[in-house]
Each structure stands twice: as C-alpha cells, then as structure tokens.
Ligand SMILES: O=C(O)CCC(=O)C(=O)O
C-alpha cells in the first residue's frame, strides 16, 4: 500500500515532496537576493574572509522581505504543512536562508533543531526548499526515526561551539559519521521545486556543496502545529528573540503578531 506523506513523516520524521513548489522558485530566488543585499541582524558568514565556497545564512526576515512574506501567506505551503503534520492549525515560526557557494567545503554538522528553539508545539515541521539542483553527494541527510529517540542533543553552532543550557539534560550527539551503517540515513538528489519536510527532532546534517557549477541555495520555512508555546531553554537559543525572554515563561502562548496563524 502506498504510504501517504503524513504517514511517512510520522514514521521517519522526514518526507520528500517532489515538484510542488516549481512555480514559486523565482519568487524565493528574489527573496534570497534581497536577503543577501540587505542582511538582517542575525546574518552569519560561516566562512569569513572566503569569497570562493562561502557559506552564509540568515533568518527571521520573512516579515520584512516581501518575497518570503508572499510565499508564507499565498503559496500552498501552509496547507501542505498542515496535511503532513496532521494538525488543526499552522503557525509561522520563521524562515532560514542557507547558501553554500560553488565548491563550498563547509559541512553542516549533524544536529536536530528542537533544542535550539525557544518554542515547542504538538506538531513541528521545517520545509527545506532547494533553489538549485543538488546531487545526492551534496544533499542534506536525515536519520530516519531519530525524532522518536526521546532525546534532546546539545545544540551545536554551525561553527562547532556548544550552547550552554542550564539545568538541561541535553546529551552530546553520538559520532554518526564514523558509524553511518548503524543508522538509516535518508537523502535525495533534488531539483528546484522539490521540498523536504522534517520534524524539529529529526537529526540532520549536510556535506559541503560539491558542485563546481552552482551554489546550493535553500530556504527552510519553519512551522508550528497545535498548542504552540514559548520554552525557556536556560540559555541562548537560535533564533534568540531577546525581546521575549524577559516577558515570556515556559508554557506561555506565543504572540500572534510575531508567530501568526497561517492555516
Ligand atoms: O542547509 C543546511 O545545510 C542545513 C539546514 C538545516 O539545518 C535546517 O534547515 O534545519
């Protein structure tokens, strides 16, 4: 029997969606261009001083960059996310732009996102949308089923520094690269228009961009399902939301202007 995307997402914590966002790629490309020209306050260059093979990222700009705002509000993304999560509602958390230049050797370390985030919900989902063709060798990878391990691993910055979370039971992630055969690792060759949906608890990482012809541009849109709340992690989070940390406590509902309902 053919499994639905919802069933695969529940089982593996990740599911590939083919071709659905093809018509939205030019809009997202314009958003990434605007973002590069007008970086936000959280812009990060992970390869400072490097012009070739640069890896840069930025996030939480979707309310100010029209292209991203339009995608969130007018594309079919929110409805697709709702059906994959199986939730009653969908709220926007934030977008994350991740660009690895041609031939970038910069690896994205294995991690899962939940321990970085100052939020939680009954259902969570990131929609990672590539804007360039990506070979299997350069593809983001996921550990199937890791969203059900019942663990929170210590958040690690993409530069290799751990976040300190007071009072947390976060563990250091096992050495996945030396034991790849012990895990069910999923990854796909991708075309612009495809998207990968994954749970905030699903462990993932990405190699460098082996392409000698083009960058590996991606926008990851992050969404929250039902009963979304604020979580104080006992230290720095990513994103940080410094204006909320003294105002909200764990379990408080999230402000609707910043995290609106979109489906
Ligand atoms: O694009 C990458 O290299 C990593 C993406 C990622 O970690 C995410 O979207 O959560």
Per 10 Å bin, what is the whole-percent P(r) computed from every C-alpha pair distance within segment 17-159? 9, 35, 41, 14, 0
Need one number: nm distance between label points at residue 122 and residue 250, each 7 Å from Cα along Cα→Cβ, rounded to one decimal. 2.1 nm
May I ask you to derive the relative contact order of the chain, considering only C-alpha pairs under 8 Å and at least 6 residues apart, and to give it as an integer percent? 31 percent
Regarding segment 164-207, what are the three Cα extents along the principal axes, ordered largest first, in Å? 42, 24, 16
When the Kirkwood hydrodynamic radius is evaluated over all pairs of different C-alpha atoms of the chain, what value in angstrom, to one decimal, is obtained? 18.7 Å
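Based on the Cα gyration tensor of segment 3-44, what are the three equivalent ellipsoid semi-axes, each the root of five times an eigenvalue, rounded to whole Å and given largest first?
The three semi-axes for segment 3-44 are 31, 16, 5 Å.
Semi-axes of the equivalent ellipsoid for segment 224-263, please: Cα gyration tensor eigenvalues, times 5, square-rooted, ordered largest first, whole Å.
Ellipsoid semi-axes (Å, largest first): 18, 11, 10.
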Rg/Rh for segment 1-88, where both radii come from Cα atoms and Rh is the Kirkwood radius: 1.07
Rounded to 5, percent antiparallel among DSSP beta bridges of the chain: 95 percent
How do 74, 7 rank when sorted from fewest to most other Cβ atoms within 10 Å of their own Cβ? 74, 7
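Values quoted throughout were computed directly from the atomic coordinates according to the rules given, and no laboratory measurement underlies them. Computed from a predicted model, the values in this text were never measured in an experiment. Cβ: placed from backbone, ideal geometry, glycine included. Neighbour counts: every protein chain shown.
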